[in-house]
Protein chains: 2
Amino acid sequence: MATTLHVCITCRAGQTIPEGEPTPGSRLHRAIAEIGAPPGVTIVPVQCLSACNNGCSVALSAPGRWSYIYGRMSEANAHEIVAGAAAYAAAPDGIVPWRSRPEIFRKQSLGRIPPIASLPEAAK
Amino acid sequence: MATTLHVCITCRAGQTIPEGEPTPGSRLHRAIAEIGAPPGVTIVPVQCLSACNNGCSVALSAPGRWSYIYGRMSEANAHEIVAGAAAYAAAPDGIVPWRSRPEIFRKQSLGRIPPIASLPEAAK
């Protein structure tokens with residue numbers, strides 16, 4: 001299943017970051033990239049997930065599935081994030097049983113969005 | 001453009017709601033439905049947008065567009081929410097200029113999720 005794990009790389013997580021220093025968001029992205037994408041998952045850096053009051057943030061999405069966005073993440077959570085993305089990709093419908101979700105996903109959900117209606121071309 | 005405005009109807013917004021009383025989420029949905037959907041928008045009630053710490057919540061999505069989720073909404077915001085949904089639907093790419101967004105959308109964003117990759121059928 002074509003799952004995307006978006007990682008906000010511009011996030012400053014409320015901190016003042018000296019010019020030239022990596023943002024907390026870019027550090028999170030690097031930590032996740034170093035672990036590597038699980039099967040069926042593509043890791044995509046993105047500029048701002050508009051969760052600035054709850055940064056850093058990551059989002060999981062795939063065609064025909066609920067999308068999820070999580071906040072208050074740091075590079076210390078990289079392994080849990082990758083495990084959560086793997087579980088989402090592996091679940092037949094993207095609905096991971098509650099107890100199988102990483103604790104940070106259970107406690108730090110910012111929101112979820114229902115599957116987007118099929119593109120007209122796909123509905124034919 | 002096939003825009004969906006999802007409204008969480010199960011949200012209690014942190015309140016204790018006596019059994020049989022409408023939830024704040026269902027009141028918000030009713031207020032929005034009474035105003036009516038703007039052109040190109042479908043209003044869809046949904047059970048839980050997982051934004052419970054920031055309820056009530058609504059989400060905007062459409063095929064090929066960024067999705068947005070907003071929190072700390074109440075029925076007092078129904079007109080602004082409908083206006084924001086109309087602007088999203090009317091924008092050619094769903095990207096509404098910052099200043100044209102309702103203030104509650106500018107200040108109460110919980111997150112946004114990039115467009116989801118096309119369904120395989122649509123990519124042919």
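Considering segment A:23-40, and only residues there that are more than 17 Å from residue A:104 (Cβ to Cβ) and surrounded by 15 or more Cβ atoms within 10 Å (Cβ to Cβ), the residue that is farthest from the other protein chains (Cβ to nearest Cβ) turns out to be A:30. Contact map, segment A:97-109: first residue over 8 Å from residue A:80 (Cβ atoms), second residue open to solvent by 40 Å² or more (accessible area, probe 1.4 Å), Cβ cut-off under 6 Å, separation 6 or more or different chains; pairs are A:108/A:72.
Considering each residue of segment A:38-48 in turn, at least one proves to be at pLDDT 95 or above, within 25 Å of residue B:96 (Cα to Cα) and touching a Leu at 6+ places or on another chain (Cβ under 8 Å). Remark: pairs (first residue in segment A:14-39, of a type in the set (Ser, Thr, Tyr); second residue open to solvent by 80 Å² or more (accessible area, probe 1.4 Å); Cβ separation under 8 Å; 6+ apart in sequence or on different chains) = A:23/A:12.
Take segment A:41-57 and flag every residue that is closer than 16 Å to residue A:82 by Cα and open to solvent by 30 Å² or more (accessible area, probe 1.4 Å).
Here is the first cut: in segment A:41-57, the residues closer than 16 Å to residue A:82 by Cα are A:41-45, A:56-57.
Across segment A:41-57, the qualifying residues are A:42, A:43, A:44, A:45.
The set of residues in segment A:70-104 being over 14 Å from residue A:6 (Cα atoms), within 14 Å of another protein chain (Cβ to nearest Cβ), of a type outside the set (Val, Ile, Thr) and open to solvent by 10 Å² or more (accessible area, probe 1.4 Å) consists of A:72, A:98, A:101.
Of all the listed residues (B:67, B:50, B:61), the sole one being within 21 Å of residue A:59 (Cβ to Cβ), free of Cβ contacts under 8 Å to residues at least 12 places away in the same chain, at the interface with chain A (Cβ under 8 Å from one of its Cβ atoms) and out of contact with any helix residue (DSSP H, G or I) (no Cβ under 6 Å at 6 or more places or on another chain) is B:50. Counting only residues that are out of contact with any strand residue (DSSP E or B) (no Cβ under 9 Å at 6 or more places or on another chain) and either more than 14 Å from chain A (Cβ to nearest Cβ) or at pLDDT 95 or above (or both), segment B:1-22 holds 11 of them.
The values are calculated or read from the model by the stated rules, or taken from the named source; none is laboratory data. The structure displayed is predicted, hence computed values, not measured ones. Counting neighbours? That spans all protein chains shown, and the Cβs are built from the backbone with ideal geometry, glycine included. These area figures cover heavy atoms from the full protein model, side chains too; ligands, DNA and RNA do not enter into them. Shrake-Rupley method; radii C 1.70, N 1.55, O 1.52, S 1.80 Å.
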